[in-house]
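Read-outs: derived from the displayed coordinates by stated rules, not from any lab. Values in this document were obtained by computation on a predicted structure and should not be read as measured data. For neighbour counting, all protein chains shown are included, and Cβ atoms are generated from backbone atoms with ideal geometry for every residue, glycine included.
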């Protein structure tokens, strides 16, 4: 049986470069400038020849700098999470950090385990899309000097910056668009709001925004994993309700938009006659005829802003009061909110 090749060691690099272990450690650490250019060249050449790669985790445990940013994701299957993660990763690279991602699968117990694991890896900052309420664990990390940024979902007890969508403004945009398109009765479909502050904020804004706009409506909150049949039944009841007021469905996020679109297609419901609008822009929304109207979150900007907040804490203001950064959604109008009886040129996208 062939033996697995042994990894080159720091001592072997030092021997090949004709220098000390300390010099090689300085070269791969934060003190490279203390070495002469000639010595730096010898170490680099020896490392390449031997295939040496420094153990960054071990270096972090020894020197207190892991150059790692942790990211805790509630559901890595959610397109929003993937899109924000892309922005976070790009920003980490720009600042010379690597990103360590953990998916909790919306399980609070797993969330606590992942937080402990990320702490063991000595991450220098943490971006959290919370699934539960790990306030005690996050407070402990903050007290140890780890800066925290919450994505969209707030935890009142955790001393953390918050970066995310302006949820109230997004719902206002949606209601104004649907009213202008001629819809008068709305069904708002959301996953359970108790699990996320952003869901609660959107639901509350929806309920309070109906009356001032002369709209009628109700909300349906259910788990997409366990209550798919209930979604179909609720849609049937909403669509079969007596009356002539044009009806529309407003979906609280991309996962809901997908589930509702599938249910409407299964019932051969023509989009437009029944309005459909979703929060979160997904690539397939432009492909489902006649196109699904969405509110696109600036996910890349949100991800980069999260890392910028961490860098500010790491480099200058570790004990400043937590701050909130809210971003506005961009309206992308398509045929799903253009009623057949009043076809007109769609609204322009809002910046």
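Structural remarks
- Label point distance in nm, residue 105-residue 31, each placed 7 Å from Cα along Cα→Cβ: 4.5 nm
- Length gained on full extension, residue 94 to residue 223, computed as 0.36 nm times the residue gap minus the Cα-Cα distance: 42.6 nm.
- C-alpha long axis of helix 167-180 to longest principal axis of the chain, angle in °: 30 degrees
- Residue of 47, 102, 74 that the Gaussian network model of the chain assigns the largest fluctuation, springs spanning Cα pairs under 10 Å: 47
- Computed log₁₀ I(q)/I(0) - Debye formula, equal Cα scatterers, no solvent, the chain, q 0.10, 0.12, 0.13 Å⁻¹: -0.70, -0.89, -0.98
- Rounded to 10°, Cα long-axis angle of helix 254-266 versus longest principal axis of the chain: 40 degrees
- For region 10-54, the relative contact order comes to 42 percent (Cα pairs under 8 Å, sequence separation of at least 6).
- Förster radius 56 Å - calculated FRET efficiency between residue 121 and residue 289 (Cβ-Cβ, nearest 0.05): 0.75
- Restricting the calculation to Cα atoms, region 192-351 yields a radius of gyration followed by a Dmax of 18.4, 61 Å.
- For residue 172 and residue 65, the FRET efficiency from 1/(1 + (r/R0)^6), where r spans their Cβ atoms and R0 equals 41 Å, is about 0.40.
- Stokes-Einstein D (µm²/s) once Rh is taken as the Kirkwood radius of region 10-54 over alpha-carbon pairs, at 4 °C in 1.567 mPa s: 130 µm²/s
- Whole-number percent relative contact order across the chain, with pairs defined as alpha carbons under 8 Å at least 6 apart: 16 percent
- Acute angle (nearest 10 degrees) that the helix 37-50 long axis makes with the longest principal axis of the chain, alpha-carbon atoms: 70 degrees
- Largest GNM mean-square fluctuation across 235, 271, 50, computed for the chain with C-alpha springs under 10 Å, falls on 50.
- Sum of -39500 (n - 2.57) over DSSP H runs of 4+, divided by residues of the chain (222 nm, nearest 500): -13000 deg cm²/dmol
- Available extension along the chain between residue 245 and residue 136 is 34.3 nm, counting 0.36 nm per residue and deducting the alpha carbon span.
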